Amino acid sequence: MISFTLNGDPVETDAPADTPLLWVVRDYFKLKGSKYGCGLGLCGACSMRVDGQSVRTCILPVSAVADRAVMTIEGLGSKAQPHVLQDAWVAHGVPQCGYCQSGQLISASVLLEQNPNPTSDEIDAAMSGNICRCGTYPRIKGAIQDAASQLRRETDSGNAS
Amino acid sequence: MTKPKKQTRRTFLKLLGVTGAGLVIGITVTRDRRSPFPANDLALEPDAFLQITPENVVNFFLPHAEMGQGVYTGLTTLIAEELDISPEKIQVHHANAHAAYRHPEFRMQITGGSTSIKVRYQPLRQAAANARALLLDAAAEQLAATRSDLTTANGDVVWNGKHFPYGDFATTAASLKLSDDASLKETAEFRYIGGDVPRLDARAKTTGDAMFGLDVEIPNMHRAVLVRCPVIGGAPKSVNANAARETDGVTDVVTIFNGVAVVATSYWQAKKAADKLEIEWDYPALQRQSSAEIRAAMEAALEHDDGKEIYVEGSGAAALDDANSVVEATYWAPYLAHAPMEPMNCTARIEDGNCDVWVGTQVPELARGLAAFHAGIGKRHVTIHQKFLGGGFGRRGMADYVSEAVAIAKESGKPVQLVWSREDDTKNSYYRPASLTKYRAGLGSEGRIESWSVKRVGPNILPHIVEHMVDGMLPAATPDGIVSWLSDRPHGVFKSLVGDPFSVEGLFEDYDIANKEVRHVTHDPGLRASYWRSVGHSYSGFFKESFVDELAAKSGKDPVEFRLAHLSDDSVLRRAIELAADKGAWATGSAPGVFNGFAAHTSFGAGVAQIAEVSIENRKIRVNKVTCAIDCGVVVNPDIVKANVESAIIYGLTAALYGDITLVDGQVEQGNFHDYTVMRMADSPQIDVHIVSSTRDPVGVGEPGLPPVAAAVANAVFAATGQRLRDLPLKLA
Ligand code: FES
Ligand code: FES
């Protein structure tokens, strides 16, 4: 049994210890928002936050997250209570096929926590592990910049959450 | 069906070598008599697209696959406009396989050819207008009101200032006679069409709620991993599955037509066990093919084989003899895989004589046919459950993954989800075919192109497509609609065609030149090939627009002026070129250290022109910016049009700069994103898209942004370095 927290809830699994976290979350916990794209850590579709870092979970054995905190797209925000990035994604019409977007949002959320005012190059650097075959990059960048300035406004006015 | 088309069809079938092989011509596809709707006796169901329930739910059954191109929003907008209800209030459902959803031109259910908005623009608006009229009739009856006193507002019937939801009248409306000619709104009255209705699927695609094929869960679902022959088309000869069977979680190991499948309770267990299979293969003839030899053979064919005459205008290639000077150049484009972000997958269950298939596909009807074939049951016992597609790009216009999943479900007796790895996806695509093309042009005294001769060597995709469809669609039909459509496109020049139109489309049509000749040499090494975003235009746009740029340079003319000089005043492409040149300040020239290249191409009815701004860093090509103009007729959703063009440009840049599928002994060398590189954010350019304002009916948008971009970049590289790069992907010497 391996225990960790998944979107804030304590969970445990009897999945074989070498099973990548991605498949444990998808097949055992039935959270389908995190996607399989390459299985080699090359595309970012499977990105989740593990202790606040954006991690490629298709190559991370579930045993490696024992006692750690895992957050998936389902934990980032919901339709009723969206994360500021999710709102920015909708406002910019980012998703096309949508398949890569969970991973994109996870990486973007980590970026903004670590760097509230990223330059264009810094966004490139933080996001280039996430492939989008629909080519939504220009809109992703615009959405991140918008979300960043909104978060800064909230911080400046002292009501940041 | 008219006689000449039958003629075309026979020619076409002969071309493919399928006449005389037991193919029955002229049998129509059996009508599908099942209702396409979930049962609801009280609802208004004026047609297969709309259902309005007494609970006031407006259901729209989306007849096309949503794969990122935006039909989920665009087609719903058409309904919303004429039904007079805001698009967000409409519940959108993916339509399953049903005859009612057939593509009006292709006459089978298919999403492709950048046609969804084009072919649904009129019929869906009409359907919604008819439904609205019927609701008003019902309201007049129910309220005992005068029909002309009633109007509608955002999903309500309005009478004397009082609002009644449509649902109140659904049951009455269902009992009234539907007329099919309610009047449509004038363009000036549009409220949603032409506005930027926000993508209706955007929210679900940012929360992880959108359901793709791979996200399906059904009771007792097992996962399957299929090991296929390293050379596509081979079959297993002998299998040692002992070690695989003993792996934890494995329930079955089964052999199907193209490989050996491991079925397990979880994907990871199936995958680990699949690595332990020992399989001997019967290799197909493709095993004798490698990329270097394929290229050499195509070069020899170009040199020595005259090929078939496809099209002649004026005195054809003979006119070259009269030219002041003759310019020639030969271009190459390699095989490409689509690499959609969601690898192929399919979930299948065979139970009590019924087969259910959950899948994201561009071809639900073909999927149903293939499922019926592999399950060994009638098509009416097969249900296709359509999902969001994690990218299509033409790859999901084939349904091989459905055949595989159903065959595995049948052999194992388990409900299975077949999961392709990225490697499976890259190595088992239906590839964009490689092409070698030589142009010769004669320039006249004024620097005008007087003659234009082009010969393409390469595989045709139609034989591969038909071969794939045979089990699913024959003998009932190789749909007449597809054949007619093919033989009519583009500009009607293929009416007397004796080749595969996809192979030569875009090589010759755009410019007004008195003498033209198109020849084709079919050379097919046997690697399966099919639709790839923009199909033949994906290479012909590069070839033609690189060559025109060479001709402009030889003539000492400005590339934009040179192109315009060969386009009529009413040309769609002219409008796009003028707008792109204006918005991109072509005449001003480029800033120091960066270089501009121009290209323009018509495809799927849309004219597209682009300026690529390029810089060269450490002998590497960097694309900084692309300015693009598109003329695609009336625009239903400008923001989605722009998104499609941005997408096509980035997809095209991947092909321009990186894409190359190569073979060694028939095996595809590339497997994952480390050796099949795709564009990432850091390398993607700024993109500005401008739309030519137009009142003509809508045409294609999903693909036309792609064809010019490789040439725009190559032409910019020439401006920067003086090197003409004639091979894709572009690499500086
Ligand atoms: S699926 Fe994990 S990085 Fe691609
Ligand atoms: S939106 Fe389709 S892959 Fe990113």
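Please name all residue pairs, on different chains or six or more residues apart, with Cβ atoms under 7 Å, provided the first residue is in segment B:565-576 and is without any contact (Cβ under 8 Å) to a residue 40 or more places away in the chain and the second residue is in a loop (DSSP other than H, G, I, E, B).
From residues that are without any contact (Cβ under 8 Å) to a residue 40 or more places away in the chain, the pairs are B:Arg574/B:Leu567.
Every residue in segment B:313-348 that is away from chain A (no Cβ under 14 Å), in contact with a helix residue (DSSP H, G or I) (Cβ under 6 Å, 6 or more places away or on another chain) and not hydrophobic (A, V, I, L, M, F, W, C), please. Before you say what the answer is, go through the steps one by one.
Keep residues of segment B:313-348 that are away from chain A (no Cβ under 14 Å), which gives B:313-335, B:346, B:348.
Now restrict to residues that are in contact with a helix residue (DSSP H, G or I) (Cβ under 6 Å, 6 or more places away or on another chain): B:326-327, B:329, B:331, B:333, B:346, B:348.
Matches in segment B:313-348: B:Tyr331 only.
Mind checking which residues of segment A:32-49 are open to solvent by less than 10 Å² (accessible area, probe 1.4 Å) and more than 6 Å from ligand 1 (Cβ to nearest atom)?
Passing the criteria: A:Gly33, A:Ser34, A:Lys35, A:Ser47, A:Met48.
Kindly indicate whether B:Thr654 is β-branched (Val, Ile, Thr) and either within 16 Å of ligand 1 (Cβ to nearest atom) or at pLDDT below 95 (or both).
On the way: β-branched (Val, Ile, Thr): yes; either within 16 Å of ligand 1 (Cβ to nearest atom) or at pLDDT below 95 (or both): no.
For B:Thr654, the condition - β-branched (Val, Ile, Thr) and either within 16 Å of ligand 1 (Cβ to nearest atom) or at pLDDT below 95 (or both) - is not met.
Tell me which residues, restricted to segment A:43-54, are in contact with a strand residue (DSSP E or B) (Cβ under 8 Å, 6 or more places away or on another chain) and within 9 Å of another protein chain (Cβ to nearest Cβ).
none
I need a count of the residues in segment B:169-199 that are hydrophobic (A, V, I, L, M, F, W, C) and either within 14 Å of another protein chain (Cβ to nearest Cβ) or buried (at least 24 other Cβ atoms within 10 Å of the Cβ) (or both).
Taking segment B:169-199 as the starting set, the residues that turn out to be hydrophobic (A, V, I, L, M, F, W, C) are B:169-170, B:173-174, B:176, B:178, B:182, B:184, B:188, B:190, B:193, B:197.
Adding the requirement that they be either within 14 Å of another protein chain (Cβ to nearest Cβ) or buried (at least 24 other Cβ atoms within 10 Å of the Cβ) (or both) leaves B:169-170, B:173, B:197.
Final tally of qualifying residues: 4.
Given the criteria among the charged types (D, E, K, R), out of contact with any helix residue (DSSP H, G or I) (no Cβ under 8 Å at 6 or more places or on another chain) and either modelled with pLDDT of 95 or more or surrounded by 23 or more Cβ atoms within 10 Å (Cβ to Cβ) (or both), does B:Lys118 qualify? Lay out the reasoning, then the answer.
Details: among the charged types (D, E, K, R): yes; out of contact with any helix residue (DSSP H, G or I) (no Cβ under 8 Å at 6 or more places or on another chain): yes; either modelled with pLDDT of 95 or more or surrounded by 23 or more Cβ atoms within 10 Å (Cβ to Cβ) (or both): no.
For B:Lys118, the condition - among the charged types (D, E, K, R), out of contact with any helix residue (DSSP H, G or I) (no Cβ under 8 Å at 6 or more places or on another chain) and either modelled with pLDDT of 95 or more or surrounded by 23 or more Cβ atoms within 10 Å (Cβ to Cβ) (or both) - is not met.
Only one of (1) facing chain B (nearest Cβ under 10 Å); (2) out of contact with any strand residue (DSSP E or B) (no Cβ under 7 Å at 6 or more places or on another chain) is not met by A:Leu111, so which one is it?
The one condition A:Leu111 does not meet is (1).
Within segment A:55-69, can you find the residues that are more than 9 Å from ligand 1 (Cβ to nearest atom) and either open to solvent by less than 30 Å² (accessible area, probe 1.4 Å) or more than 14 Å from every other protein chain (Cβ to nearest Cβ) (or both)?
A:Val55, A:Val62, A:Ala64, A:Val65, A:Ala66, A:Asp67, A:Arg68, A:Ala69
Could you tell me which residue of segment A:1-31 is nearest to B:Thr207 (Cα to Cα), considering only residues that are assigned to a loop (DSSP other than H, G, I, E, B) and open to solvent by less than 60 Å² (accessible area, probe 1.4 Å)?
Start the filter on segment A:1-31 by keeping residues that are assigned to a loop (DSSP other than H, G, I, E, B), which leaves A:1, A:7-8, A:14-19, A:29-31.
With open to solvent by less than 60 Å² (accessible area, probe 1.4 Å) added as a condition, the list becomes A:7, A:15-17, A:19, A:29, A:31.
Values: A:Asn7: 13, A:Ala15: 26, A:Pro16: 28, A:Ala17: 28, A:Thr19: 25, A:Phe29: 17, A:Leu31: 11 Å.
Residue satisfying both the conditions and the ranking: A:Leu31.
Kindly provide the set of residues from segment B:84-121 that are under 23 Å from B:Asp180 (Cβ atoms) and assigned to a helix (DSSP H, G or I), ordered by number.
Matches in segment B:84-121: B:Ala99, B:Ala100, B:Tyr101, B:Ser116, B:Ile117, B:Lys118, B:Val119, B:Arg120, B:Tyr121.
Suppose the filter is open to solvent by 10 Å² or more (accessible area, probe 1.4 Å) and not assigned by TED's automatic domain parsing to the domain that holds A:Ala45; does A:Ser107 pass it? Show your work before the answer.
Working: open to solvent by 10 Å² or more (accessible area, probe 1.4 Å): no; not assigned by TED's automatic domain parsing to the domain that holds A:Ala45: yes.
So A:Ser107 fails the test.
If I ask for residues that are farther than 21 Å from A:Arg49 by Cβ, more than 10 Å from ligand 2 (Cβ to nearest atom) and part of a loop (DSSP other than H, G, I, E, B), which ones from segment A:112-140 would you list?
A:Thr119
Evaluate the following for A:Gly142: is it farther than 19 Å from B:Gly68 by Cβ and either within 11 Å of chain B (Cβ to nearest Cβ) or within 16 Å of ligand 1 (Cβ to nearest atom) (or both)? If you could, list the steps in order and put the result at the bottom.
Numbers: farther than 19 Å from B:Gly68 by Cβ: no; either within 11 Å of chain B (Cβ to nearest Cβ) or within 16 Å of ligand 1 (Cβ to nearest atom) (or both): yes.
So A:Gly142 does not fit the description; no.
Please verify whether B:Tyr283 is at pLDDT below 95 and of a type in the set (Phe, Trp, Tyr), treating the condition exactly as stated. Write out each step before concluding.
Details: at pLDDT below 95: no; of a type in the set (Phe, Trp, Tyr): yes.
It is false that B:Tyr283 is at pLDDT below 95 and of a type in the set (Phe, Trp, Tyr).
Out of B:Lys625, B:Lys620, report the one residue that is within 13 Å of chain A (Cβ to nearest Cβ) and surrounded by fewer than 24 Cβ atoms within 10 Å (Cβ to Cβ). Give the derivation first.
On the way: B:Lys620 fails: within 13 Å of chain A (Cβ to nearest Cβ).
Result of the check over B:Lys625, B:Lys620: B:Lys625.
Give me the residue from segment B:52-83 that is part of a loop (DSSP other than H, G, I, E, B) and away from chain A (no Cβ under 14 Å) and, out of that set, surrounded by the fewest Cβ atoms within 10 Å (Cβ to Cβ).
Step by step, filter segment B:52-83, then rank; the result is B:Glu55.
List the strands (runs of 3 or more DSSP E) that sit entirely inside segment B:200-290 and contain at least 1 residues that are in contact with a helix residue (DSSP H, G or I) (Cβ under 8 Å, 6 or more places away or on another chain) and crowded, with 19+ Cβ neighbours inside 10 Å. Break it down stepwise before answering.
Values: elements: B:222-228, B:235-240, B:250-256, B:259-264, B:278-282.
In segment B:200-290, the matching strands (runs of 3 or more DSSP E) lie at B:222-228, B:250-256, B:259-264.
Is segment B:442-452 home to any residue that is within 14 Å of another protein chain (Cβ to nearest Cβ) and buried (at least 23 other Cβ atoms within 10 Å of the Cβ)?
Going through segment B:442-452, the residues within 14 Å of another protein chain (Cβ to nearest Cβ) turn out to be none.
No - not one qualifying residue is present in segment B:442-452.
Which residue out of B:Val406, B:Val363, B:Val382 is among the aliphatic types (A, V, I, L, M) and within 23 Å of the chain's Cα centre (by Cα)?
On the way: B:Val406 fails: within 23 Å of the chain's Cα centre (by Cα); B:Val382 fails: within 23 Å of the chain's Cα centre (by Cα).
Within the list B:Val406, B:Val363, B:Val382, the selection yields B:Val363.
All but one of (1) at pLDDT 85 or above; (2) under 30 Å from B:Asp400 (Cβ atoms); (3) not in a helix (DSSP H, G or I) hold for B:Ser453; which doesn't?
Here B:Ser453 meets the rest and fails (2).
Report every pair of residues separated by at least 6 positions or lying on different chains whose Cβ atoms are under 7 Å apart, first residue within segment A:70-82 and more than 7 Å from chain B (Cβ to nearest Cβ), second in a loop (DSSP other than H, G, I, E, B) and loosely packed, with under 15 Cβ neighbours inside 10 Å.
Hits for this filter: A:Gly75/A:Gly8.
The values are calculated or read from the model by the stated rules, or taken from the named source; none is laboratory data. All figures in this text were calculated on a predicted structure; none of them were measured in a lab. Don't worry about glycine lacking a Cβ; one is built from the backbone with ideal geometry, like all the others, and counts go over all protein chains shown. SASA here: full protein model, heavy atoms, side chains in, ligands and nucleic acids out. Shrake-Rupley method; radii C 1.70, N 1.55, O 1.52, S 1.80 Å.
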